Amino acid sequence: SRLDKMVFCPDTILVIGAGHGLGLGIVKECRSRYPNAKIFATYRRREKAKDLIDFNENSFQVDPLNEDEVRAFCETLTNVDLTINCVGMLQNREGQGPEKSLRDIDVDFMTEVFQVNTFVTPLWAKYLKKKLSRETQSIFATLSAMVGSIEENEIGGWYSYRASKTALNMYLKTIAIEFSRSHLKTSVVAIHPGTTETELSKDFLKGIKHKVWTPEGAAVNILNTLAKCPGEGTGLFKNWDGRTIAF
């Protein structure tokens with residue numbers, strides 16, 4: 001069920017990587033939950049973002065790793081109350097995916113995974129910082145993953161994906177400290193969305209026994225959890241159900 005909209009009611013929302021899948025689900029849920037908010041959404045590949053472009057008028061093609069494009073886009077914004085970065089990858093276009101063991105380690109693949117899963121967040125934080133307020137509450141969140149928790153890792157494997165999310169969490173923790181020192185009223189959050197049926201995960205869902213969410217269901221969970229975060233502080237690593245995950 002949805003929370004009372006007065007718990008956290010952003011006027012301006014930015015969803016990065018909203019072209020399809022979970023990002024698109026979050027845009028749609030934000031529209032339902034916050035009907036008066038202005039929702040900005042970015043996508044990288046136009047051919048995969050038709051539904052988003054048709055649904056949300058403030059949708060823009062931005063390469064999330066191109067600093068010139070990120071800077072130019074952020075300069076068009078006046079302020080942002082809720083930012084959610086949904087950019088991520090498990091496998092590349094060639095079908096190369098998470099390593100099962102050390103024999104699968106490949107430097108080019110590792111580099112690509114870190115670029116997509118890790119580097120996007122601090123790059124956007126660099127240019128969104130000046131769009132955050134010292135007066136009103138805001139949230140800066142990125143989709144992370146439970147497998148990025150060092151403490152939770154008991155089965156190994158998935159070297160690059162795990163490590164890229166662990167590094168992402170460190171970036172978020174460090175961003176949280178800088179934002180606080182700058183007296184911004186911003187909760188910085190890494191959030192695990194739960195296993196969600198998307199293009200990113202579809203090849204890895206066989207044999208999973210726990211619940212698999214639709215993008216729409218996962219979006220409800222994510223926004224429910226984020227809405228509570230301003231009262232909990234900053235530098236948080238949250239599960240989709242609101243539970244705090246050990247870094």
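The values are calculated or read from the model by the stated rules, or taken from the named source; none is laboratory data. Bear in mind that the values here come from a model prediction, so they are computed numbers and not experimental data. With ideal geometry, Cβ positions are generated from the backbone for all residues, glycine too; neighbour counts draw on all protein chains shown. Heavy atoms of the whole protein, side chains included, go into the accessibility calculation; ligands, DNA and RNA do not. Shrake-Rupley method; radii C 1.70, N 1.55, O 1.52, S 1.80 Å.
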Can you compute the modelled spin-label distance between N66 and C9, with each label point 7 Å from Cα toward Cβ, in nm? 3.8 nm
Helix-only estimate, please: 222 nm mean residue ellipticity of the chain, summing -39500 (n - 2.57) across DSSP H runs of length 4 or more and dividing by its residues, to the nearest 500. -10000 deg cm²/dmol
Test of understanding: what is the full-extension gain from E151 to T136, defined as 0.36 nm times their sequence separation minus their Cα-Cα distance? 2.0 nm
Counting only protein heavy atoms and a 1.4 Å probe, tell me what percentage of the stretch 1-120's accessible area is made up of carbon and sulfur. 46 percent
Mind giving me the nanometre distance, one decimal, between the label points for R31 and K126, set 7 Å out from Cα along Cα→Cβ? 3.3 nm
For the stretch 93-247, what is the charge dipole size about the Cα centre, in debye to the nearest 20, if Lys and Arg each add +1 at the Cβ and Asp and Glu each add -1 at the Cβ? 620 debye
Karplus (6.51, -1.76, 1.60) ³J(HN,Hα), θ = phi - 60°, over the stretch 213-223, in Hz, Gly and Pro reported as x: 8, 6, x, 5, x, 5, 4, 4, 4, 4, 6
Only four residue types carry charge here, +1 at the Cβ of Lys and Arg and -1 at the Cβ of Asp and Glu. Report the dipole size of the stretch 98-140 about the Cα centre in Debye, rounded to the nearest 20. 460 debye
For the stretch 51-165, compute Rh as the Kirkwood radius over C-alpha pairs and then the Stokes-Einstein diffusion coefficient at 25 °C and 0.890 mPa s; write the answer in µm²/s, rounded to an integer. 152 µm²/s
Distance in nm between label sites at I53 and N239, each 7 Å beyond Cα in the beta-carbon direction? 4.0 nm
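Give K129/K165; K38/K211; K50/K126; K48/K228; K126/K185 a once-over and call out the pairs whose C-alpha atoms are over 27 Å from each other.
Among K129/K165; K38/K211; K50/K126; K48/K228; K126/K185, the Cα-Cα distance tops 27 Å for K38/K211; K50/K126; K48/K228.
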In Å³ and rounded to a whole number, note down the convex hull volume per residue for the Cα atoms of the chain. 125 Å³
Tell me which aspartates and glutamates have Cα within less than 18 Å of K238's Cα, excluding those fewer than 8 residues away on the same chain? E151, E152
Tabulate in residue order the Karplus-calculated ³J(HN,Hα) for the stretch 44-50, using 6.51 cos²θ - 1.76 cosθ + 1.60 with θ = phi - 60°, rounded to whole Hz; enter x for Gly and Pro. 9, 10, 4, 5, 9, 10, 4
Surface accessible to a 1.4 Å probe, per residue, for the residues of the chain, Å²: 50 Å²
DSSP-assigned coil residues among GluC sites (Glu not before Pro) in the stretch 94-171, each with at most 12 further Cβ atoms within 10 Å: E94, E135, E151, E154
